[in-house]
Every structure is written in structure tokens, then in C-alpha cells.
1. Can you list the residues, at least 5 places off or on another chain, whose amide H is less than 5 Å from the amide H of A:Val230, using H built in the peptide plane?
2. Can you give the angle from 0 to 90° between the axis of helix A:95-111 and the longest principal axis of chain A, with both taken from C-alpha atoms, to the nearest 10?
3. Would you mind working out the magnitude of the charge dipole of chain A relative to its Cα centre, with +1 at each Lys and Arg C-beta and -1 at each Asp and Glu C-beta, to the nearest 20 Debye?
4. Please list, ordered by chain and number, the residues whose modelled amide H lies under 5 Å from the amide H of B:Ala90; skip anything fewer than 5 residues away on the same chain.
5. If contacts are Cα pairs under 8 angstrom and at least 6 residues apart, what is the relative contact order of the stretch B:114-214 in percent?
6. Determine the sum of side-chain charges near A:Ala130: Lys and Arg each +1, Asp and Glu each -1, restricted to other residues whose C-beta is under 13 angstrom from that of A:Ala130.
7. If you count, for every residue in A:213-221, the Cβ atoms of partner chains within 10 Å of its Cβ, what is the mean?
8. Taking each residue in B:81-90, count the Cβ atoms of any other chain within 10 Å of its Cβ, then average. What number comes out?
Amino acid sequence: MTNGMSNTKMKTPGAAQTRFAQAAIDELGWWRAHKFLFLRRASQLCVLLTFAIGPWMGLWVLKGNLSSSELLGTVPLSDPLVTLQVLMTGHLPETALLVGALLIALFYLLAGGRVFCSWVCPVNLVTDCASWLRRKLRLPRTAEMPRGLRYYLLALVLLLPLVTGITVWEWVNPVPILYRALLFGAGSGLWILAMIFLLDLFISERAWCGHLCPTGALFALLGKASPVKVSAVNASACDNCMDCFEVCPERQVLKPALKGDNPMIVDSDCTQCGRCIDVCAQRVFQYQNRIALKAENNQ
Amino acid sequence: MSQVNRNSKAKGVNRRQFLATTARAGCAMGLLGLGVSGVAKQSSHLDPMAIRPPGALDEQDFLSACVRCGLCVQACPYDTLKLARWFEGAPTGTPYFTARTVPCEMCEDIPCVKACPSGSLDHALTNIDEAKMGIAVLIDEKNCLNFKGLRCDVCYRVCPLIDNAITLERQHNQRSDHHAMFLPTVNSDTCTGCGKCEHACVLEEAAIKVLPAHIALGKTATHDTYINTEETTLEMLNKGLTL
Ligand code: SF4
Ligand code: SF4
Ligand code: SF4
Ligand code: SF4
Ligand code: SF4
């Protein structure tokens, strides 16, 4: 049985087998087994709060929302996907929107595209929550949807403005809907997030972020060449406990790194959330900088 | 790391399966696209009472351009603008205002337009008096106090373009036969649609309302030849027609 010392979340008295990732907690202590999860939540909340202290308290660091914003009244930042959609309608926006999109694209080009998904995106909180519940309730794994679906959806999202002349996706895009709900009190769109939660929980595992979201798809494409990657530096120590597979939102990226020749997780689907680093008692994974590593090897 | 790579044989994609998946995904996407477009098209008809911020492009172009960031909303010092919610009249996430609640105060520097990164609020608008947010229409002559022969004049007096966008037209009061009526009359060429008149109307439900231009304005048909009345009258006289 579990020692139940530091985890307050665990309330189900009937859970007879070992708590998830117990090995890592025993081996490394609670903090190191949750470090990146904690930092990630902190980052997601920080971004949200930087936006929110404007409308809530009148402290204007960031105005607008994730679709487009202004940092300190000067630097424009905008979502590349919505900017592309606007361009596809044939409307030429003000330079602020274009520069903003370029700055954001550049940032994720360097930091790793789906860093957005795990460290910034608010929908990630919802889908991670569904996935956590799924694990707690031990819901059966259902049929996998094809992973390429999000790229079809991305193509569709960019094609529809061309055909209809309106940025159709923005009606239902859950990423800004959640932000608008919190910053502008437009809560009636939250039904879409409820749908995503239910979809992820009962119908298909990680359905939204792992298979559908076109924002995630675009960022995955953007982050292909990014220097920052998670790497199975210590793959030989892997004891096949499968904890990382259990927790990874894109578990198909793990096997090539663990069992292949290149320990680096090069698949751009990896959200660089670092949960695999957390839950591995053997400390198999680490964040690595590809460029620095190459330079080192060449010396 | 040094384990056998059992995977490498399964790597080649089964082509038929791939094509089948592609076809299925294509169909699903097509349906989804239809659905989402349908929703979008249907709710892209602007609620007649929701007025766009100054400088807004025509509704269709506005919906292409606006990224729903809310920068205009946050730039407005009077809390005039709101972002539409789902199931409300205006398309979700786009800015609008309800004149009866908070009208536009016609800021001289037009901060809402300046803040808009997408140009859905046209940056070419630099003089707020040229804004066309909508057109005020005195919609209910029955209840308007001035039409009853009283001197309310509130809408007339609050108009930032007093005696230009809104005038009082003097007319003989046939009911009492020796009084005058002063009928508030909107000049649709200069009215900016700020909505101060609607906001200020003393009735419980405003008798004067700002409507989007496409609802408020009529349109002359292109084939209409009776535009120049003087010429037309002369023509008719010359043809020997009785008036
Ligand atoms: S996949 Fe989409 S919804 Fe999920 S975290 Fe990434 S951007 Fe957000
Ligand atoms: S491989 Fe690791 S870092 Fe990448 S998504 Fe999976 S758990 Fe997160
Ligand atoms: S002109 Fe001024 S009051 Fe009117 S909507 Fe713009 S910012 Fe608000
Ligand atoms: S600032 Fe422009 S793009 Fe942003 S919500 Fe307002 S009108 Fe739309
Ligand atoms: S909306 Fe009313 S107050 Fe504003 S300009 Fe027009 S007539 Fe005047």
C-alpha cells in the first residue's frame, strides 16, 4: 500500500494498488516528482494573471488576449493561427498584427512549438484534468483516433476563410474562448470547453490536444527545428515501469527515444511538458539543448 | 538504448490503410467544416441593436478582419464597448455596444480605433465626427413627447452634432391649432450613430434608436429617373401632362 504522506489529492480509500508514480515520489521526494508539473501550472497561471491584472485591478502589463495583445503598451504579440486566418480571408491587417504574429512565431521556433500547449495554453488545464480523472477512475483506453487529424483540421481552418471570407474557426476556437471568458466575462462560450472535457474523459483519451487542436498542430510545425528537446539521456536505466507512457499526452513520441538509436525526442508532437522527467524514478529524461550538445560533441 | 529495434519493420506505412484513413478524415473534416461554417454564417447577421465601434468596416469585412482580441474594448475609457458572448446577438467575441446602456462618447483621439491591431476598425478614420457607427432613427412618433406638442428636446440637446446631425423642424400643431411642434429630425449624412440621443431619451423605451446603417437607410434604385424633381416636373409639363 501507499504511504500517503505528502499527496493530499488521494482520497479514494478503496484504491488498493500503488499510487501512480509512487516510485518516483519514494525515490526523489514529492517535490522532484512534481517539479515540472508545478512550474508548468505556475507558468500557465502567470501568463493568465499578467493578462488578468489589467481588467481586474487596472495594472496594464498586457492588454488584449491570446489572440492579439500589446505588451507594456508597445510590443504587439499575436497568435499566428488567427493572423493566418485573417490573411486567408484576403484582408490585409495593420502591421501590428503581422509583427505580433512574427514575434510569437519566432519565440516558439526557438523555445519549441508545443511549449505553448503545455506551458501557456489554458485549455491544457482542462484536458490534463480530464486525463487525470481518467487515470483516477481507471477508465478503459478507447480506440485511438488517427494522429494526423489535427493537420487536416489545421488545413480546414485555413481553407474555410478562403471560401467563406470569415474567420470561421474563431467562433468555436476554445483557446481564446477560455481567455475571453476570464478576461471579458464572456462565459457563455464555456460549453465548448465542457464538451472538450467530456470528449477527453469519456469518448477518446487526449482527444482534443492530442488529435484535434489546430493551434497545437501549427505550433508543432513551427517547433520542428527548435533546439530545446527532451531527451532520454539515461535510457539504459529504464526499468519499463511505463509511468511515462501513462502520463505523456503524446505517448507515441516516447518509444523511439527509449528504444531507438537517438535518445532525443525529435518528434514535434512532444509538448515539452517535462512530466516524463518528473514521474521517472530512474531519471531517464532530461531537457537538452540540441545546439549546445552538438557543439560539445564537435569539440 | 541498446535494445533491439523491433520496430523498424513495421515502419513502412500501409498504403491502402493510409488512403482509407485519409478519405475518412477528409469526409469528417468536410462535414465539420460545413457545420462550423453554418454556425458562423448563421450568427454573422448582426443583431440590429448591436452597434459596432467607430471605424468598423462593413459587417462582412469586419468579420474577416476582427481577431476578437478585445484591445478596442480595453482602450475605451467609458466602458462603452463589450465583447459579444455566445448565444448573444452579435458574433461571439466581436466588439459592439448598446447605445441605450452606454453610448459612445466620441473621443477626439479615438483610442478604440488606434488600439485595433487588425484594422477591422479602419485607421483611416481620424475625425470622430465622420464615424458611421449607425444612424439614429426617430422610430416611434406616437410616443415621442415632441410629437405630442411638448418641448422635451432631450435627444436634440445631447447630440454632439446639435443642429447638424439632429435638428428641430418646426411644424404647425393641428391639434391645438395655435401651437407649434418641434420635431426632432435626424440628418443621416452627418449622424455618427454615437447613440447619445437614444441613451438620453426620457421615455422608458427610447423613441429614437440607433440602427446599423444597412437597416436604417433606404436605397435609391439604379433605374430610378425621378431623382431630379425639377427636371422631371419640367419634362412632364413639356409633354403636356397634368400635374
Ligand atoms: S493542443 Fe491546442 S488546446 Fe491543447 S494545449 Fe495545445 S494549443 Fe492548447
Ligand atoms: S515526452 Fe515527456 S515532455 Fe514530451 S509530451 Fe511526453 S511527457 Fe511531455
Ligand atoms: S470613440 Fe471613445 S467612447 Fe467611443 S467607442 Fe471609441 S473609445 Fe469608446
Ligand atoms: S481591437 Fe480590432 S481586432 Fe480586436 S476586438 Fe476590437 S475590432 Fe476586433
Ligand atoms: S446618434 Fe443621436 S446623438 Fe449621436 S450624432 Fe446621431 S443624432 Fe446625434
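1. A:Ile265, A:Gln288
2. 10 degrees
3. Computed about the Cα centre, the dipole is about 580 debye.
4. B:Asp47
5. It comes to 37 percent, rounded to a whole number.
6. Net of charged neighbours comes to +1.
7. What the average comes to for A:213-221 is 0.
8. Mean number of neighbouring Cβ atoms from other chains: 4.
No value in this document is a laboratory result; all are computed from the given coordinates. Only a predicted model underlies this, so the values are computations on that prediction, with no experimental measurement involved. Note: ideal-geometry Cβ built from the backbone for every residue, glycine included; neighbour counts use all protein chains shown.
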